[in-house]
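Colleague: Submitted below is the structure of interest, expressed as structure tokens.
We did not get these values from a lab; they are worked out from the coordinates using the rules stated. Please read all numbers here as calculations on a predicted model, not as lab measurements. FYI the Cβ positions are ideal-geometry reconstructions off the backbone, even for glycines, and counts take in every protein chain you see.
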Amino acid sequence: MSVFRSSLNYLAGQLRQIGLFIALIAIVIFFQVATNGITLKPINVTNLIVQNSYILILAVGMVMVIIAGHIDLSVGSVVAFVGAMSGVMITQWNVPWWLAIILCLGVGALVGMWQGFWIAYFGIPAFIVTLAGMLTFRGLTQIALQNKQISPFPDEFRALGSGFLPDLGGGTSAVEPLTLGIGIIATLFLVLQGIRQRRARAKYDVEDEPFAWFLTKLVFTAAMIIGITYLLASYRGTPIVLIVLGILIVVYASVMSNSVFGRHIYAIGGNLNAAALSGIKTKRVTFMLFVNMGVISALAGLVFTAQLNLANPKAGDGFELDAIAAVFIGGAAVTGGIGTVTGAIIGGFIIGLLNNGMSILGVGTEYQQLIKGLVLLGAVAFDVYNKRRSGGR
Amino acid sequence: MTTNILEMRSITKTFPGVKALQDVSLAVKRGHIHAICGENGAGKSTLMKVLSGVYPHGTYDGEIVFENEPVAFKSINDSEASGVVIIHQELALSPFLSIAENIFLGNEQQNNGWIDWNKTNMEAAKLLARVGLKDNPITKIRDIGVGKQQLVEIAKALSKEVKLLILDEPTAALNDEDSAHLLDLMKHLKGQGVTSIMISHKLNEIKAIADEVTIIRDGKLIETLDMHTDDISEERIIKGMVGRDLGSRYPDHTPNIGEELLRVEDWNVYHPLDHQRRVVKDANITVRAGEIVGIAGLMGAGRTELAMSVFGHSYGHNISGTVYKNGVKINTSTVANAIEHGLAYATEDRKRYGLNLIEDIKRNISTVGMHKIAKRGWVDSNQEIVVAEGYRKSMNIKAPTVEALAGKLSGGNQQKVVLSKWMFSDPDVLILDEPTRGIDVGAKYEIYGIINRLADAGKGVIVISSELPELIGICDRIYTIFEGRITADVARGQTTAEFLMQNMTQERDKDKR
């Protein structure tokens, strides 16, 4: 009985994390019922991932910026600018597609250095610098494109946004074997990782997660991954962009939890003065953070351009808001110091599901905006309420 | 008419899982200054929050009788309307508004919604005169020192026709001069019939002005002492607070002093905003291995400015002078450089400059020495737990696990986390700025023990403090600093608090010439 009680207490402490998962599942179930099963059809799940990929990519960079206590309003314009540069390079300068990708990531780094310089070394708030960036990079996009669209792009380049891994089943099997294989390996990896971590923590006597909850979480995650891979495998297999996204998430989740750079970001966001007096090179970390954000925005720009097969002066409009919303729905604190990459990704999926589900239902854009706005407000209100309750002494 | 203005009877206040107050009764006599003391977390602030309506009537058991009437305050507005005003430790003034505007904030002198500026400023001037502040009422709050801000808070309370004034640690942030002025003012107000309750850690102040003192420990009333009839010593009060005799307030220590570790020569620092003003003047200090060196100075005398400017030029403008480590000139112009050369600086303001309060203990401890548990930029999280667990045990940090958030710890335990953080960076010289500020007596003793252990390990320790008995109790040698200049350098045992205070308030040269 007391085990049950202590488990309940533990869960109450993890309310935010659990709430996020429950919200995600509730939204899936709601749309699954409301759309008569269209939401979880293989083709729709594939679309959901592919069409949201660039917001999810942006959210990974944005959550780091927000944890450090900054914000980046320029990412939508940077997406457009990098898209434009890729179009100019490939169609006008005849740069090979692979070189264009590398050069475009370099362009993103330069954009990040430009903004990072003003924020970190000149001391202008990120809100102002990136608001200026939002305008300047939109302007540069239009100059680069001379206000015209560029299309089409070579197939190899387009694969980055809309391609799939080759079908090893030769198109004959009902479920694609390569995708299933990747899914199983990913599941095993996650399960082993979870067990290893729990063992280590138990060894050092800091484990407080009840075993039943640990097991539930593990089974649930495994079932979710297997389920998604199964659905993907019954359509066209693994989208290439999912591999890109998966690598990005794994790398940045561990950067944020276990690298010196990641720890410094949390330290700066949690207490800038204390971080500086602890010998952390706060300016350098901030600068690198924005360079990183620039490169990630460039990647999102390439994926988006490749997916639409179009470089468009209006591309990426409002992406910054979706990415920021994803981060805050994912539990990041407005004041910095708190947030996780996985949280931001789940937040991004919640936004994506709302967009996708409401579109299927034929809800007008005016109501879509209204509902997304209320969800964001509700998520942050829940956070604030929770914090007040736990700190109420 | 009874002589008691306030009676709190059998107050019990519970939070989920904790009994913060248990059957506490308090009687305050009209026109007296009543001190409340107890260790941190004993329940003093909770009791005052019950009294002032922060915890509304109904959330606690027991009754409150104010001016012979049972009262049920539902909010601070209720209690203020009755004449009970609380001034919190963290001042609640708006820095960009004037003194007068702050005094009448929420209580504006107005005509149908339009502010009457003449009346506002004139009434403010009258109130300022009562608290002995000569500044112009239109001066902005950020332009006056924290001592004067405290007086503005009191003027604000007076504007509300206060009958019972509650001051929570009123002198915690003040230097001795401002503290003395504040205590005088409290006595003066007492003469005008204002009753005060003062929460304080500073026993000498209680002894100086209080009529009664109530001691609370672990949420229970221990005793109320009459300061006039009983012959109450500081030791007597401490005994009540901690429930045991502290044989000595300072642990015994035999120093083992070696070679010179650090020498700062001809150090000059200018104010970061006012570039003409020199805040540290030709300072020279040395620390030897195994030596505990004190820096005694009033707040604003340049002690923190000296320490922070040496530590990575973290304070000041146009810094000049030389720092030698083991006789070799070193560059300490960035914090990273200073740390690399074996310096550590534990700040006087833990919450603002020392800790990441929303992060857990282990990550706070690993902040500075992270490279020791990292390989090629990746931190070994398991090793991090082992390290933090080690400090939790050796420093006696009271927390369930090293994953408890730093912000949830008490002041003493937070200070131990700060010290652990710097010890893990393995420095040769530690500068500890007010290491025991806002810490209860028991934890202070532990901190002194830690300082002694550091010295025994051959490190040089510099302790900056405004508590003279503390410096005399633990330091091997003490510098005094006044207006940015080092005015004396005396060995332990050859000095008295009076001698130090003299050198902290006037330059030695003047006596000589």
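Colleague: Any chance you could check the Cα centroid distance between the stretch A:83-152 and the stretch B:438-495 for me, in angstrom?
Modeller: 57 Å
Colleague: Please give me the summed charge of the neighbours of B:LEU261: other residues whose Cβ is under 10 Å from its Cβ, Lys and Arg +1, Asp and Glu -1. Kindly include the intermediate steps, with their values, before the conclusion.
Modeller: Numbers: positive: B:ARG263, B:ARG288, B:LYS325, B:LYS459; negative: B:GLU259, B:GLU260, B:GLU291, B:ASP428.
Around B:LEU261, the charge tally is 0.
Colleague: Once the dipole of the protein assembly as shown is set up with Lys and Arg at +1 and Asp and Glu at -1 on Cβ about the Cα centre, which of B:ALA346, B:VAL379, B:TYR270 lies farthest towards its positive end?
Modeller: After comparing all options, I get B:VAL379.
Colleague: Below 15 angstrom from the Cβ of A:ALA326, what's the summed charge of the other residues (Lys, Arg +1; Asp, Glu -1)? All intermediate terms of the calculation are to be shown ahead of the outcome.
Modeller: Details: positive: A:LYS372; negative: A:ASP72, A:GLU320, A:ASP322, A:ASP383.
Net of charged neighbours comes to -3.
Colleague: Counting only chymotrypsin sites (Phe, Trp or Tyr not before Pro) that sit in a DSSP loop (anything but H, G, I, E, B) with at most 15 other Cβ atoms within 10 Å, what is the longest stretch of chain A containing none of them?
Modeller: Numbers: sites that count: A:TRP93, A:PHE122.
The longest such stretch corresponds to A:123-393.
Colleague: Something else about it: Charges at C-beta only: +1 for Lys and Arg, -1 for Asp and Glu. How large is the resulting dipole of chain B about its Cα centre, in Debye rounded to 20?
Modeller: Numbers: 61 positive and 69 negative charges, 158 e Å.
Using Cβ point charges on Lys, Arg, Asp and Glu, chain B gives about 760 debye.
Colleague: If you find the alpha carbon centre of the stretch B:70-91 and of the stretch A:185-214, how far apart are they in angstrom?
Modeller: Cα centroid of the stretch B:70-91 versus Cα centroid of the stretch A:185-214: 51 Å apart.
Colleague: When B:ILE209, B:ILE103 are ordered from fewest to most other Cβ atoms inside 10 Å of their Cβ, what list results?
Modeller: On the way: B:ILE209 19, B:ILE103 27.
Result, fewest neighbours first: B:ILE209, B:ILE103.
Colleague: To continue, here is another question. If one computes the Cα centroid of the stretch B:270-314 and of the stretch B:161-190, what distance in Å separates the two points?
Modeller: 29 Å
Colleague: Would you mind checking which residues have amide H under 5 Å from B:ARG477's amide H? H placed 1.01 Å from N; only 5 or more apart, or other chain.
Modeller: So B:ARG477 has HN proximity to B:ILE292, B:GLY294, B:ARG492.
Colleague: I would also like to ask the following. Find the relative contact order for chain A and round it to a whole percent, using C-alpha pairs within less than 8 Å whose residues are 6+ positions apart. Spell out each step's value before the answer.
Modeller: Numbers: 574 pairs, mean separation 134.6, N = 393.
Once normalised by length, the contact order is 34 percent.
Colleague: In addition: Can you tell me what share of the DSSP beta bridges in the protein assembly as shown is antiparallel? A percent to the nearest 5 is fine.
Modeller: Working: 53 of 88 bridges.
Beta bridges within the protein assembly as shown, antiparallel portion: roughly 60 percent.
Colleague: Along the three principal axes, how long is the protein assembly as shown when you take its alpha carbons, biggest first, rounded to the nearest angstrom?
Modeller: 100, 70, 63
Colleague: What does the average come to when, for each residue of peptide B:350-357, you count the partner chain Cβ atoms lying within 10 Å of its Cβ?
Modeller: Values: counts 1, 2, 5, 8, 5, 4, 11, 4.
Averaged over the peptide's residues, the number is 5.
Colleague: Give the Cα extents of the stretch A:165-238 along the principal axes, in whole Å, largest first.
Modeller: On the principal axes, the stretch A:165-238 reaches 52, 17, 12 Å in Cα extent.
Colleague: Count charges around A:ILE66 for me, please; just the other residues with Cβ under 12 Å from its Cβ, Lys/Arg as +1, Asp/Glu as -1. Can you show the working numbers first?
Modeller: On the way: positive: none; negative: A:ASP72, A:GLU320.
Once positives and negatives cancel, what remains is -2.
Colleague: With +1 on the Cβ of every Lys and Arg and -1 on the Cβ of every Asp and Glu, and nothing else charged, how large is the dipole of the protein assembly as shown about its Cα centre, in debye rounded to the nearest 20? Walk me through the numbers on the way to the answer.
Modeller: Values: 84 positive and 83 negative charges, 349 e Å.
The calculated dipole for the protein assembly as shown is roughly 1680 debye.
Colleague: Residue by residue through A:274-287, how many Cβ atoms from other chains fall within 10 Å of the Cβ on average?
Modeller: The mean count of partner-chain Cβ atoms within 10 Å per residue comes to 6.
Colleague: Let me ask another. Within 10 Å of each Cβ in peptide B:400-412, how many partner chain Cβ atoms are there on average? Round it to a whole number, please. Each step should come with its number before you reach the end.
Modeller: Details: counts 2, 5, 3, 4, 0, 0, 3, 2, 3, 0, 0, 0, 0.
For this peptide, the per-residue mean of nearby foreign Cβ atoms is 2.
Colleague: Of A:VAL63, A:VAL129, how do they rank once you tally other Cβ atoms within 10 Å and put the fewest first? Intermediate values should be presented prior to the final figure.
Modeller: Numbers: A:VAL63 30, A:VAL129 24.
Final ranking by Cβ density, sparse to dense: A:VAL129, A:VAL63.
Colleague: Tell me the relative contact order for chain B as a rounded percent, counting alpha carbon contacts under 8 Å between residues six or more apart.
Modeller: Details: 1025 pairs, mean separation 71.6, N = 513.
So the answer I get is 14 percent.
Colleague: Same structure, new question: Let me check against my output: what whole-number percent is the relative contact order of the stretch A:165-238, with C-alpha pairs under 8 Å and at least 6 apart?
Modeller: Working: 52 pairs, mean separation 40.9, N = 74.
That works out to 55 percent.
Colleague: Right, here's the next one. What order do you get for B:213-223, B:64-74, A:241-251, B:461-471 when each peptide is scored by the mean count of other beta carbon atoms within 10 Å, highest first?
Modeller: Details: B:213-223: 19.9, B:64-74: 15.0, A:241-251: 17.0, B:461-471: 21.8.
So the order, starting with the most tightly packed, is B:461-471, B:213-223, A:241-251, B:64-74.
Colleague: Roughly how many debye, to the nearest 20, is the charge dipole of the stretch A:108-221 about its Cα centre, given +1 on each Lys and Arg Cβ, -1 on each Asp and Glu Cβ, and no other charges? Each step should come with its number before you reach the end.
Modeller: Details: 9 positive and 8 negative charges, 52 e Å.
Dipole magnitude for the stretch A:108-221 comes out near 240 debye.
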